[in-house]
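A.B. asks: I have a structure here, written as structure tokens, and I will follow up with some questions on it.
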Amino acid sequence: MTTLTDIVIEDPRWEEAGLDALAELAAANTLEYLDVPVEGYEIAILACDDARIAELNAEFRDKPTPTNVLSWPSYDLAADEDGATPHPLPSPDPMMGESLGDIAIAYDTCLREAETAGKDMSHHVTHLIVHGVLHLLGYDHVRDRDATLMEGLETKILGKMGIADPYKG
């Protein structure tokens, strides 16, 4: 089986957290739920700390603070209307494959959020990877109906994985 995620680990705590397996499972489940074939696509993931993600957040969003996850889609698939399904992905090149985009995830913020919410760290990280992959596929949460759609998908995907609704409690 081809690997969907290509992970660069800058913070070794991610190795101990098992990010490789969590990210692969979360990304594959997200694509499968949306009937997107896993074969032929790739997602790059940077596993970093708060200092690194704060740099990225400052550079790309003018917010010089840490955040839990950032994403950079390869394609602009955003729906034109609030609450509509994003545009479809282009088919992957059978010889080269297709990058869906990049995700960065910060260990410190993820751990802090999981502890504060009383959640299992692996479940929280899985949620954030699902969230990031949905961004790569054109989903967003800026507009109200888009947010409802995205959060509903996250809940359903995580539920199929045996993870409780992250938006309850």
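A.B. asks: Only four residue types carry charge here, +1 at the Cβ of Lys and Arg and -1 at the Cβ of Asp and Glu. Report the dipole size of the chain about the Cα centre in Debye, rounded to the nearest 20.
C.D. replies: The dipole of the chain has a size of about 480 debye.
A.B. asks: Pairs of Cα atoms under 8 Å, at least six residues apart: use those to get the relative contact order of the chain, whole percent.
C.D. replies: Relative contact order of the chain: 25 percent.
A.B. asks: What ranking of L31, L137 emerges when the number of other C-beta atoms within 10 Å of each C-beta is taken as an exposure proxy, fewest first?
C.D. replies: L31, L137
A.B. asks: For the chain, what is the convex hull volume of the alpha-carbon atoms per residue, in Å³?
C.D. replies: 119
A.B. asks: Next question. Which one of Y41, I163, A79 is farthest out on the positive end of the charge dipole of the chain, using unit charges on Cβ (Lys, Arg +1; Asp, Glu -1) and the Cα centre as origin?
C.D. replies: Checking the options against the dipole of the chain, the answer is I163.
A.B. asks: A further question on this structure: Excluding E154 itself, calculate the net charge of residues whose Cβ lies under 13 Å from the Cβ of E154, where each Lys or Arg counts +1 and each Asp or Glu counts -1.
C.D. replies: Once positives and negatives cancel, what remains is -1.
A.B. asks: I want to check the label-to-label distance for H141 and K160. Put each point 7 Å from Cα in the C-beta direction and report it in nm to one decimal.
C.D. replies: With each label placed 7 Å out from Cα toward Cβ, I get 2.0 nm.
FYI, it's all coordinate maths here, none of it is from the lab. Quick caveat, the model's predicted, so the values are computed rather than measured. Ideal geometry is used to build each Cβ from the backbone, glycine not excepted, and the neighbour counts take in all protein chains shown.
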